[in-house]
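Asks: First the structure, which I've put down as structure tokens, then a few questions once you've had a look.
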Amino acid sequence: MSDLIDAVTTWATSDAGKAAGGVALAALAWAEAATVVGSAYMKRMIPLRITAMVCNCLGLTYGLLTGTFPTIAKHAINLPLNFSRLREMRRLIDSVREANANDLNIEWLKPFMHPESLPATDFIFKKGDVGGEAYVVVEGQVEIIERGVTIGPGALFGEMALFTKTGKRTASARCVTDVRLLAITYEQFEQLYFQNPEFGLYLVRLIVRRFEENHVEDDMAGAPLQPAAAPEQA
């Protein structure tokens with residue numbers, strides 16, 4: 001084993017070894033540069049984070065081999081940050097997939113929301129208002145006036161205006177009791193979408209399911225009654 005180590009050391013210090021080492025370092029530097037350029041062209045966040053992690057690994061290796069401490073520090077800090085952001089995005093996508101596959105579940109959305117409190121009889125919004133936020137009821141009762149329904153804790157509402165052509169509210173929401181809400185702005189919705197289009201796809205499917213469920217009663221109410229069958233003649 002010692003003979004092998006001596007042979008490798010002798011080769012590495014020779015002119016041929018130094019030339020090969022220089023070529024290897026140059027190839028490593030070019031590979032790192034290619035991943036930096038490649039990440040700039042990524043349109044989806046998950047491939048971008050993966051490419052950035054590859055870049056960090058290459059850069060960290062180059063820094064260690066050359067003893068370039070600023071390069072080592074830069075990539076040693078960015079590597080765990082990129083890994084953490086990748087895990088967060090994957091967890092978000094998994095949560096939205098689960099919500100889409102099962103009953104409507106907005107638990108995954110709560111970390112992106114902020115709290116609001118309103119007294120009884122106050123309007124949260126009125127029909128025709130320009131929509132800017134969606135809400136989840138935490139405590140209390142909210143009446144959706146035009147639909148004649150009252151919703152309670154856990155219910156998501158106010159999201160439909162994001163998907164209408166005019167961006168206006170399709171119904172009014174009024175507090176039946178004192179209520180506590182969680183609100184998320186449409187800008188936050190859009191930011192989550194642009195961070196990963198796959199998230200946007202599942203979000204749209206989730207909202208469409210809500211739209212279908214909200215209108216099934218209206219469709220049933222508007223269906224014409226079928227006339228009773230005439231008795232058979234003897």
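Asks: Can you send over the carbon and sulfur percentage of the accessible area for the stretch 13-94, probe radius 1.4 Å, protein chains only?
Replies: 69 percent
Asks: Separate question: What ³J(HN,Hα) values, in whole Hz, does the Karplus curve 6.51 cos²θ - 1.76 cosθ + 1.60 give for the stretch 38-46 when θ = phi - 60°, with x put for Gly and Pro?
Replies: x, 5, 5, 8, 5, 9, 10, 5, 5
Asks: So, one more: Order these peptides, 37-43, 26-32, by their mean beta-carbon neighbour count within 10 angstrom, highest first.
Replies: By packing density, highest mean first, the sequence is 26-32, 37-43.
Asks: Amide H neighbours of I124 under 5 Å, counting only residues 5+ apart in sequence or on other chains, H built in-plane at 1.01 Å?
Replies: Distant-sequence amide H within range of I124: A173, R174, C175.
The values are calculated or read from the model by the stated rules, or taken from the named source; none is laboratory data. Values in this document were obtained by computation on a predicted structure and should not be read as measured data. Every residue, glycine among them, receives a Cβ derived from its backbone with ideal geometry; neighbour counts consider all protein chains shown. Quick note on the areas: whole protein, heavy atoms, side chains included, nothing else; ligands and nucleic acids left out. Shrake-Rupley method; radii C 1.70, N 1.55, O 1.52, S 1.80 Å.
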